[in-house]
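Here the structure comes first, spelled out in structure tokens, and everything after it is commentary.
The values are calculated or read from the model by the stated rules, or taken from the named source; none is laboratory data. Model, not experiment: these values are computed from the prediction. Note that we place each Cβ from the backbone using ideal geometry, even for glycine, and neighbour counts take in every protein chain shown. With ligands, DNA and RNA removed, areas are computed over all heavy atoms of the protein, side chains included. Shrake-Rupley method; radii C 1.70, N 1.55, O 1.52, S 1.80 Å.
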Amino acid sequence: MKSKLIEEANHYDLIIIGGGPGGYVAAEHAGKHNLKTLVIEKESLGGVCLNKGCIPTKTLLKSAKVLHYLKEAKHYGINIEGNNEFSLDWKAMQENKKEVVDKLVSGVKFIIQNAKAKLIEGNAAMVSDHIVEVNGEKYYGEKIILATGSLPRELDLPGFKEAKTKGIIIDSTDALELNKIPKKLTVIGGGVIGIEFALLYCELGTEVTILQGLDRILEVLDNEISKTMTQILTSKGIKIITNVKIKSINDKTLSYELDGKIIEKNVDKVLVSVGRVPRYDAFKKIDLVYDERNRIVVNKNLQTSKGHIYAIGDLTQKLMLAHVAYKHAMIAVDHILGKDIPYHLVESPSVIYTYPEVASIGIIERDMNPNESFVTKMPMSHLGKALADHETDGFIKMILDKKTGRIIGCHIIASTASDLISEIAVAMQSEATVFDLVATIHPHPSISEIIYEVAKKALYENYK
Ligand code: NAI
């Protein structure tokens, strides 16, 4: 029931808490469909992705890649005079990053205005099932979308809190804002964030060590992706130590256990990148249902146990990726609008923006049923364009359903894997087959030809 205490002006069809990739896309979609929409953001529009994640990291990684090209210039017949006479300007790299972020943040503001959604900057808290309080005012939402995202997971180990205060332990946000390039960087966690920062700082001249808890980095990905990326990162000078158990830190001495021995490592900066945890604080007063792993239970429409409250993006702990949040936003708003759109979140691609890039979608080889599926693989060195580019590291691995020829998984290491995977995503979404991929003319020469080539190989090997 609507509260009489709340002014009519403060009644909204939809209140969205959080203005990140989930929240702002939901605001745009709802506003464009004439829902009276309010979006509340407490830090900066665009959320972690735009301000402290995807975009700033990719901007700095691009600087690192340019540096990489300069170092490799001789392979392209270019001599840098005076033996590598170029220098790094960390401050200018930071300014470039800020410019990109600022431009995108103002773009998001414009999107929200253009959709006629109202934006309030402040710390929102749900005080009851329909009422949200921000900056001392109460707002009633017929429907509510929770899109409050996630925070880096911290390690609760001796000395870590003190070392964080001293700036020795850092998280991914701090790693983007260091006032100088560190001499040494120790990365705890060999996942996506750890790998991207390890490569960035290694290229900038930092001595980088990755300490991984399990027996390999990127353990959730295809085994060959982990193995090849280990080789590539090691060849760039990154030291990778697996099966470590982090114990404690005392000032600049980090202790970990390896093969039953305690190792004491002198550190400069230690990046902790061991996953992220959802931010539940804005709705802690609301009695939602959580599963045994403390994840909000949502149905296929992203509705929580209270039907008018939706949870999207990192909060659902499905895949903590901006493009998953975008998709969730569309699904939730379409459901609110009563649109009969089938739940289409078939598979989501994921990408690691190293060079070469890593991209992955669908089932991995170790989980496939060999009676029903098969694998076809091809190295990037097969392609003329990769040779011309001098970027031959990597491969494509496609997993196909034997009976139908449909793609059920694809794993790529390639210079432009982030773009290649989109063709596979479209093929999977539209249930295209390996025959369709072979029938499709791919431009020559191009990196995308690898998809045509691997599909053709699958055809010859399995559908004669
Ligand atoms: P992650 O889950 O990708 O990787 C964490 C790694 O830390 C795992 O390999 C795990 O085995 C290891 N680990 C966990 N506890 C450890 C311990 N005590 N000691 C040593 N190793 C330990 O998490 P990450 O890299 O922090 O990223 C967080 C989220 O952000 C992910 O969901 C990721 O998908 C997302 N993200 C995506 C990006 C992209 O799409 N390019 C970029 C950055 C983040």
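Tabulated values for the structure
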item	result
The chain: Cys lacking any partner C-beta under 4.7 angstrom	Cys202, Cys410
Calculated SAXS-style log₁₀ I(q)/I(0) at q = 0.11 Å⁻¹ - segment 160-274, Debye, Cα scatterers	-0.32
Ordering of 94-103, 212-221, 364-373 by burial proxy (mean other Cβ atoms within 10 Å per residue, highest first)	212-221, 94-103, 364-373
Protection proxy ranking, peptides 259-269, 296-306, average beta carbon neighbours within 10 Å, highest first	296-306, 259-269
Counted charge near Tyr139, where neighbours are those whose Cβ lies closer than 10 Å (Asp, Glu -1; Lys, Arg +1)	-1
Carbon plus sulfur fraction of accessible area for the chain, probe 1.4 Å, in percent	51 percent
Point-charge dipole on Cβ atoms (K/R +1, D/E -1) for the chain, about Cα centre, debye to 20	400 debye
Gyration tensor over alpha-carbon atoms, segment 347-462, equivalent ellipsoid semi-axes in Å	21, 16, 13
Heavy-atom accessible area per residue - the chain, 1.4 Å, Å²	48 Å²
Filter on Lys227/Lys261; Lys58/Lys377; Lys300/Lys457; Lys42/Lys245 - keep pairs with C-alpha separation over 32 Å	Lys300/Lys457; Lys42/Lys245
Packing rank of 144-152, 15-23, where each peptide gets the mean count of other beta carbons within 10 Å, highest leading	15-23, 144-152
Assigned charges on the beta-carbon of Lys, Arg, Asp, Glu; segment 347-462 dipole about Cα centre (debye)	300 debye
Where only C-alpha atoms are counted, convex hull volume of the chain per residue in Å³	176 Å³
